[in-house]
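Following: one structure in structure tokens, then a few remarks.
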Amino acid sequence: MIDRETVDRIYAAANIVDIVGDFVTLKRKGVNYTACCPFHNEKTPSFIVSPAKGVYKCFGCGKGGNAVTFLMEHESLSYPEALKMVAKRYGIEVREKELTPEEARRNDDRESMFALNGWAAEYFADYLQRETEGQSVGLAYFRQKRGMTDATIRKFGLGFCPSRGDRMSKDALAAGYKREFLLATGLSLARESDGSLYDRFRDRVIFPVHNISGRIVAFGGRTLRTDKQVAKYQNSPESEIYSKKRELYGLFFAKKAIQQQDYAIMVEGYTDVISMHQAGVENVVASSGTSLTTDQIRLLGRFTKNVTVIYDGDSAGIRASLRGIDMILKEGMNVRVVLLPEPEDPDSFARSHTAAEVQEYIRANERDFLEFKAQLLLEDAAGDPIRKAALIGDMVQSIAQIPDPIQRSVYIKECARIMDIDEQILIGEVARKRLASTGDRETDEFLRRQTARHREEVRPDAPVRQPEVAYVKQVEAGSSFDALERELVKYLLKFGHCAFDFKEGRNMVSCNVAEVIFAELDADGLTFRNPLYDKILAAYRAQWRETGPGVEVPPHLFLNHIDPEVCNVSVDILTADDNYVPSQLWQRKEIHVESEAEMLAVGVPKAVTLYKSKVIEALVREMQAQLSSETLSEEDETTLLQRLAALNKAKVAIARKLQRLIL
């Protein structure tokens, strides 16, 4: 582990313009630099590098961070790897602190498991190529049944596990590998009768599973028997080095092609991936038969935001899997769908076509996911108005997942056209869905204002109104814990050292932003639920106690934080409004647009009060649930009722305070 002193030296030496400039062509624009974002396709530059702050931020896709996190994102490096890369560039010696005995043991165990998996992969591949059984059964299957070349078999490390039930386990023990790691990796199982080991993958062809850096974390084994009592596939269990929800089969082999082509093809199984690669289409990954997970989507999102899902021509599970793809939309990714002609699947289609033919078919037949979903489900509705209404609700659910408001707006228009329904109705339904899922009223309010603004624009005599500026958005009643905590962190990071005048009765009282926030939280012993926001709160409080009220806490403490996630969320908060330029229209009309700093007198007390109200609501719900318990004693019931009465009284007081703040 790299010690903190060395980390600080690395951050101090890192010049973000130099480091980002190695990968992106930067152009100076005032005090900053601009470029087209390396993380998504764009024609107009929205990627900003600030040498003064030492951060980058894309106002198109939202990515942001410092020099180290840029390398992590762009080069798919771990945090220590990125630190070492920067250190090497500036000739800084990296000193790593000694691990605790527990950390050392865990690292040793992980390395032992990786070493065993590496040995097993070689063992299975060698058995396939050199042993009579491997050649006659496994190699014949790969070559004749699946049409794989020897080069493809070697590339993916395919193999065969002996049919004799314990041969691999015995050979592993003889080679010096420990029983505990054979069990931990799942390569071996223990018999209940005598505890002896036997092979999990006996008599199966083997597909090694590589992680993103190319190390083997698991295996998939396919039986070649026709016995329906035997499971077709047997997979490694979860382990210290393997979590199936975090791995995508083939990503290690596909990541370079995905980055170059800026899109990934998603298929279902091992052989689909392998056959596509053999055909020359290499930007292909598979979820390996498991339901797609958020972790897998985010892993893929490190390389591209564009995903094309290929469905079998005769796939009966298309409708069932459509709902799962909503998760891809929720992560801000673009999804297209290709339906193969019956009875083809990606494996058979790739084996019977050249790479150019496969790519041309995808280009000619891929359709936007929502358009595909609408037309597919409209076939089921078949003129039935009730089923069509349910279909529209299904489409709205998908559109509501999309985080980008512009993309959401485009899909709303397209959905209104396909479904022949009023666009304003869809706008309202999407807003309600987002409100229900996020607990944040900003979306509903934004869409309402957009609708009103659209109506005014078509009236030539529309009066000039005070603008509703994006950067003065505030949380409202009903906002989620996460939104409220982010708001308080924003006030600390941006304005913690600032003062504002607050009206208390008939008197005006001068207040410090950080002092107000900490005093209100400490009065009730409150901490944040979101661990990242709580970490920022603790770091700010520690520095604030040293400097005292009125002294700015340096932003670099958060922008260069040792936790990359804290760094990224801090960059996001601190640069959220940097791309806003007030309209010259308001200047010509001499209309004053309030900035956030001018709104502190309302914004800070309101945010704190809303947060305390949210905490009370949660406590009230918790106590009401406890009161419904049949095992509750009379004494405990009385105590709960008293506490509930006190909370309700506090709730009323807060509601009155909020009303005064809003007015």
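Across segment 1-34, what is the total count of residues that are under 18 Å from ASP572 (Cα atoms), part of a strand (DSSP E or B) and touching a helix residue (DSSP H, G or I) at 6+ places or on another chain (Cβ under 9 Å)? The number of residues fulfilling the criteria is 1. The set of residues from segment 40-58 being within 23 Å of TYR11 (Cα to Cα) and either assigned to a loop (DSSP other than H, G, I, E, B) or not β-branched (Val, Ile, Thr) (or both) comprises PHE47, SER50, PRO51, ALA52, LYS53, GLY54, TYR56, LYS57, CYS58. Restricting attention to segment 10-43, the residues being of a type in the set (S, T, N, Q) and modelled with pLDDT of 85 or more number 3.
When the residues of segment 59-71 are filtered to those that are in a loop (DSSP other than H, G, I, E, B) and either of a type in the set (Val, Ile, Thr) or touching a residue at least 40 places away in the same chain (Cβ under 8 Å) (or both), which remaining residue is nearest to LYS255 (Cα to Cα)?
Applying the first criterion (in a loop (DSSP other than H, G, I, E, B)) to segment 59-71 yields 59-63, 66.
Now drop any that are not either of a type in the set (Val, Ile, Thr) or touching a residue at least 40 places away in the same chain (Cβ under 8 Å) (or both), which leaves 59, 61-62, 66.
Working: PHE59: 25, CYS61: 20, GLY62: 22, ASN66: 23 Å.
Only one residue tops the list, namely CYS61.
For first residues located in segment 274-287 and over 13 Å from ASP347 (Cα atoms), partners that are part of a strand (DSSP E or B) and lie 6+ apart or on another chain with Cβ distances below 8 Å form the pairs ASN283/ALA264; ASN283/ILE265; SER287/TYR249; SER287/MET266.
Check segment 100-110 and report whether any residue there is among the acidic types (Asp, Glu) and under 20 Å from PHE558 (Cα atoms).
Narrowing segment 100-110 to residues among the acidic types (Asp, Glu): 102-103, 108-109.
From what's left, under 20 Å from PHE558 (Cα atoms): none.
Within segment 100-110, not a single residue is among the acidic types (Asp, Glu) and under 20 Å from PHE558 (Cα atoms).
Take the conditions closer than 14 Å to LEU559 by Cβ, open to solvent by 20 Å² or more (accessible area, probe 1.4 Å) and aromatic (Phe, Trp, Tyr) and apply them to TYR11. Does it pass?
Values: closer than 14 Å to LEU559 by Cβ: yes; open to solvent by 20 Å² or more (accessible area, probe 1.4 Å): yes; aromatic (Phe, Trp, Tyr): yes.
So TYR11 fits the description; yes.
Close Cβ contacts (under 8 Å, 6 or more residues apart or on different chains) running from residues in segment 510-524 that are under 12 Å from THR609 (Cβ atoms) and among the β-branched types (Val, Ile, Thr) to residues that are open to solvent by less than 30 Å² (accessible area, probe 1.4 Å) and part of a helix (DSSP H, G or I) comprise VAL516/VAL604; VAL516/PRO605; VAL516/VAL608; ILE517/LEU488; ILE517/TYR491; ILE517/LEU492; ILE517/VAL604; ILE517/VAL608.
Taking the criterion of being closer than 23 Å to ASN306 by Cβ, modelled with pLDDT under 85, surrounded by 17 or more Cβ atoms within 10 Å (Cβ to Cβ) and among the aromatic types (Phe, Trp, Tyr), would at least one residue in segment 355-375 satisfy it? Looking through segment 355-375, at least one residue is closer than 23 Å to ASN306 by Cβ, modelled with pLDDT under 85, surrounded by 17 or more Cβ atoms within 10 Å (Cβ to Cβ) and among the aromatic types (Phe, Trp, Tyr).
None of LEU139, LEU128, LEU158, LEU116 is open to solvent by less than 80 Å² (accessible area, probe 1.4 Å), in contact with a helix residue (DSSP H, G or I) (Cβ under 9 Å, 6 or more places away or on another chain) and free of Cβ contacts under 8 Å to residues at least 24 places away in the same chain except LEU139.
Looking across segment 378-434, the residues that are open to solvent by 50 Å² or more (accessible area, probe 1.4 Å), outside any helix (DSSP H, G or I) and closer than 16 Å to MET327 by Cα come down to PRO403, ASP404.
Surrounded by 15 or more Cβ atoms within 10 Å (Cβ to Cβ) and at pLDDT 85 or above: is that true of PHE558 in this structure?
Numbers: surrounded by 15 or more Cβ atoms within 10 Å (Cβ to Cβ): yes; at pLDDT 85 or above: yes.
Against the criterion (surrounded by 15 or more Cβ atoms within 10 Å (Cβ to Cβ) and at pLDDT 85 or above), PHE558 qualifies.
Can we say PRO554 is in a loop (DSSP other than H, G, I, E, B), closer than 29 Å to GLU73 by Cα and not charged (D, E, K, R)? Walk me through it before giving the result.
On the way: in a loop (DSSP other than H, G, I, E, B): yes; closer than 29 Å to GLU73 by Cα: yes; not charged (D, E, K, R): yes.
For PRO554, the condition - in a loop (DSSP other than H, G, I, E, B), closer than 29 Å to GLU73 by Cα and not charged (D, E, K, R) - is met.
Picking from residues in segment 248-262 that are modelled with pLDDT of 90 or more and not aliphatic (A, V, I, L, M), the one that is surrounded by the most Cβ atoms within 10 Å (Cβ to Cβ) is TYR249.
For segment 214-225, the condition of being of a type in the set (Val, Ile, Thr), over 30 Å from TYR361 (Cα atoms) and open to solvent by 50 Å² or more (accessible area, probe 1.4 Å) holds for none of the residues. Scanning segment 255-290 for residues that are under 17 Å from PHE39 (Cα atoms) and in a helix (DSSP H, G or I) yields LYS255, LYS256, ALA257, ILE258, GLN259, GLN260, GLN261. The set of residues in segment 226-251 being in a loop (DSSP other than H, G, I, E, B), touching a Lys or Arg at 6+ places or on another chain (Cβ under 9 Å) and not β-branched (Val, Ile, Thr) consists of LYS232, SER236, PRO237, GLU238, GLU240.
Here TYR90 clears all of (1) touching a Cys at 6+ places or on another chain (Cβ under 9 Å); (2) surrounded by fewer than 17 Cβ atoms within 10 Å (Cβ to Cβ); (3) among the hydroxyl-bearing types (Ser, Thr, Tyr) except the condition numbered (1).
Residues of segment 279-291 include at least one that is of a type outside the set (A, V, I, L, M), open to solvent by 50 Å² or more (accessible area, probe 1.4 Å) and either modelled with pLDDT of 80 or more or in contact with a His (Cβ under 6 Å, 6 or more places away or on another chain) (or both). Picking from residues in segment 331-354 that are hydrophobic (A, V, I, L, M, F, W, C) and either outside any helix (DSSP H, G or I) or touching a Lys or Arg at 6+ places or on another chain (Cβ under 8 Å) (or both), the one that is most open to solvent (accessible area, probe 1.4 Å) is LEU339.
The values are calculated or read from the model by the stated rules, or taken from the named source; none is laboratory data. Small disclaimer: the values here were computed from a predicted structure and weren't measured. We place every Cβ from the backbone using ideal geometry, glycine too, and count neighbours over all the protein chains shown. All accessible areas refer to the heavy atoms of the entire protein, side chains included, with ligands and DNA or RNA removed. Shrake-Rupley method; radii C 1.70, N 1.55, O 1.52, S 1.80 Å.
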